[in-house]
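Before any comments, here is the structure.
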């Protein structure tokens, strides 16, 4: 149930993205495509010898647009 609740809220916040998109098979943005796009963002703890650090990938323009609509900061 929690997953459906989170999905519903995400779709509500992503409405501007979906509204400016095409119709039918000309659509670029779907909820599964949004999730696939966000999979490219990584936050990992790296360790090299005695030094450890956290590495976060920089989101591309599409990912940043999605994150802004979801009000998520990295």
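Bear in mind that the values in this text are calculations on the coordinates, not laboratory data. Model, not experiment: these values are computed from the prediction. Glycine also receives a Cβ, built like all others from the backbone with ideal geometry; neighbour counts cover every protein chain displayed.
Structure values in brief
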| item | result |
| --- | --- |
| Helix 2-13 vs. the chain, principal-axis angle (Cα, 0 to 90°, nearest 10) | 70 degrees |
| Mean separation of Cα contacts under 8 Å, 6 or more apart, over the residue count of the chain: relative contact order % | 26 percent |
| Residue 18 versus residue 65: modelled label distance in nm, points set 7 Å from Cα along the beta carbon direction | 1.6 nm |
| Protection proxy ranking of 16-22, 62-68 - average other beta-carbon atoms within 10 Å, highest first | 62-68, 16-22 |
| Label assignment, Rg/Rh (Cα atoms, Kirkwood Rh) derived from the structure, set (1) 1.10; (2) 1.04; (3) 1.20 | (1) |
